[in-house]
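Please read the structure below before turning to the comments.
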Amino acid sequence: MLKKNPVQKSALIKKINKLRRNLKDNNRRIVFGKAFQSSVKSFQHLMDERENRQKELVAFEEEFLDADEAMKTAEIALELMKKRKMIKIRKDEIFINTKMKPLLEYYSNSLNQLID
């Protein structure tokens, strides 16, 4: 993903969503911060009502909540990287600071191992 510069924000969100789904499918723990409290409550409410709802509707709502969490995760991570001058963002394009690329590649490769 980091081979392209700029990186599309939508591609990053899809990658985060894929990573989160992989972690959930493998019963791996995902730690949530304060920014995700509303999502956690929504998921819990959905799980509580799961038996009384149509499977298709529950699946759709889970996908929607997953996508929302992936977007929040991306926004928080991008904001932190922007503050550290690792990236610049213009519209929906993420430009990587070439001096920081090796560090970002290291973390990206670590996360990719969780997906593959």
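All of the numbers you see were taken from the coordinates with simple rules; none came from a lab. Note that the structure is a prediction, hence the values are computed from the model and not measured. Here Cβ is always computed from backbone atoms with ideal geometry, including for glycine, and neighbour counts include all displayed protein chains.
Observations on the structure shown:
- Descending by average beta-carbon neighbour count within 10 Å, the peptides 97-104, 17-24 line up as 17-24, 97-104, the highest first.
- With 27 Å as the limit, the listed pairs 24/101; 24/91; 24/88; 24/83; 24/85; 3/85 have 24/101; 24/91; 24/88; 24/83; 24/85 beyond it between alpha carbons.
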